[in-house]
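Beneath this line is the structure, given in structure tokens, with notes to follow.
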Amino acid sequence: MSMTVFLAVIGAALMHAIWNALIKGGRDKMLNMTAVIFGHLPLLLVLLPFTSLPAPESWPYLAGSVALHLGYQWFLITSYQWGDLSQVYPIARGSAPLIVATISVLFLGVVLAPVESIAILLIGCGIISLCLVRKADGLRNGRAAVLALITGCFISAYSLTDGTGARLAGNVLDYYAWHTIGNIMVFGLYAHMRRPLILRDIARGGKLAFFVGGSASFIAYCTVMWAFTNAPIALVVALRETSIVFALLIGVVVLGEKLNLIKLASTMMTVCGAVLLRFSHR
């Protein structure tokens with residue numbers, strides 16, 4: 001993994017934490033999620049003139065990813081309705097690199113060097129231990145934990161799907177542009193069926209999520225798509241999940257969540273895993 005890919009994925013992790021915090025911090029989470037997704041449109045319109053249809057070999061993966069994203073987004077909304085950012089985010093994001101790495105090794109023929117395997121385990125253990133700290137603080141919420149774990153399964157599934165699809169597409173921007181179009185159409189239809197006046201509501205109270213959250217989400221995932229084509233999927237997914245570090249800081253500074261020494265140690269474990277991942281050699 002080159003320094004360019006490493007820094008790009010770290011930047012994507014920060015932007016991912018920002019748009020998740022906007023959804024969690026808002027009173028109307030369905031409205032904010034819809035605003036974030038429709039907030040992809042301005043940058044999509046800038047991107048479209050430079051893209052074309054992706055290679056037909058990638059279309060099944062493209063369709064599958066759009067469907068998986070609908071499940072991911074629904075479970076993420078529901079998770080945040082039951083649990084807080086520092087409980088849901090670690091489970092959902094922390095479980096993904098472990099699941100992806102396991103599937104990549106067992107079924108996709110990926111061979112990880114011992115140092116890379118240790119780095120992924122450090123990241124996963126660090127993030128999951130942050131969740132365990134919340135339980136030790138007395139904020140146990142089994143329903144939120146289960147919903148977040150299911151969210152993590154969807155993250156793993158669409159990461160593997162997009163990693164393969166982006167490589168088959170021939171051009172990662174082509175793949176991501178049409179993926180975004182499909183996501184807006186499918187989630188937009190779902191949101192309209194749930195709340196026919198949701199676009200009006202976004203215009204009235206969802207501007208921050210639309211402009212800031214939408215742009216952050218678009219750039220973050222476009223960056224990760226590009227990284228999938230330049231580094232092993234399992235390593236990109238593992239490094240991306242360091243967004244929990246940024247989410248923890250946002251939770252403490254913006255949302256007023258408490259930080260103790262155990263949480264800090266767990267966060268440092270995640271950071272050490274990311275650094276080890278950067279300097280590992282295949």
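The values are calculated or read from the model by the stated rules, or taken from the named source; none is laboratory data. What you see is a predicted model; the values in this text were computed from it and never measured. Heads up, the Cβs are rebuilt from the backbone with ideal geometry, glycines too, and the neighbour counts pull from every protein chain shown. In case anyone asks, the SASA skips ligands and DNA or RNA and just uses the protein heavy atoms, side chains included. Shrake-Rupley method; radii C 1.70, N 1.55, O 1.52, S 1.80 Å.
What the table shows:
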| item | result |
| --- | --- |
| Selection count where residues are charged (D, E, K, R) and either within 21 Å of residue 110 (Cα to Cα) or in contact with a Ser or Thr (Cβ under 7 Å, 6 or more places away or on another chain) (or both), scope region 168-194 | 1 |
| Residue pairs meeting the criteria (Cβ under 8 Å; at least 6 apart or on separate chains; first among the basic types (Lys, Arg), in region 165-186; second in a helix (DSSP H, G or I)) | 167/228 |
| Residue that is farthest from residue 69 (Cα to Cα) [pool: residues in region 187-206 that are in a helix (DSSP H, G or I) and free of Cβ contacts under 8 Å to residues at least 60 places away in the same chain] | 204 |
| Some residue of region 126-139 being open to solvent by 80 Å² or more (accessible area, probe 1.4 Å), at pLDDT below 90, of a type in the set (D, E, K, R) and not in a helix (DSSP H, G or I) | no |
| Residues satisfying the stated conditions in region 91-109, i.e. modelled with pLDDT under 75 and over 19 Å from the mean Cα position of the chain (by Cα) | 108 |
| Subset of region 168-185 (residues that are open to solvent by 50 Å² or more (accessible area, probe 1.4 Å) and in contact with a helix residue (DSSP H, G or I) (Cβ under 7 Å, 6 or more places away or on another chain)) | 168, 173, 178 |
| Residue in region 159-167 that is of a type in the set (D, E, K, R), in contact with a helix residue (DSSP H, G or I) (Cβ under 7 Å, 6 or more places away or on another chain) and either open to solvent by less than 10 Å² (accessible area, probe 1.4 Å) or more than 19 Å from residue 110 (Cα to Cα) (or both) present | yes |
| Some residue of region 142-153 being more than 26 Å from residue 241 (Cβ to Cβ) and more than 19 Å from the chain's Cα centre (by Cα) | no |
| Single residue of 191, 247, 234 found to be over 17 Å from the mean Cα position of the chain (by Cα) and over 16 Å from residue 4 (Cα atoms) | 191 |
| Verdict on residue 72 being buried (at least 24 other Cβ atoms within 10 Å of the Cβ), within 20 Å of the chain's Cα centre (by Cα) and within 27 Å of residue 239 (Cα to Cα) | no |
| Residues being of a type in the set (Gly, Ala, Ser), at pLDDT 90 or above and open to solvent by less than 20 Å² (accessible area, probe 1.4 Å) - total across region 1-57 | 6 |
| Per-region count, region 89-103, residues surrounded by fewer than 24 Cβ atoms within 10 Å (Cβ to Cβ) and among the hydrophobic types (A, V, I, L, M, F, W, C) | 3 |
| Residue among 218, 210, 228 that alone is crowded, with 17+ Cβ neighbours inside 10 Å, more than 19 Å from residue 63 (Cα to Cα) and aromatic (Phe, Trp, Tyr) | 210 |
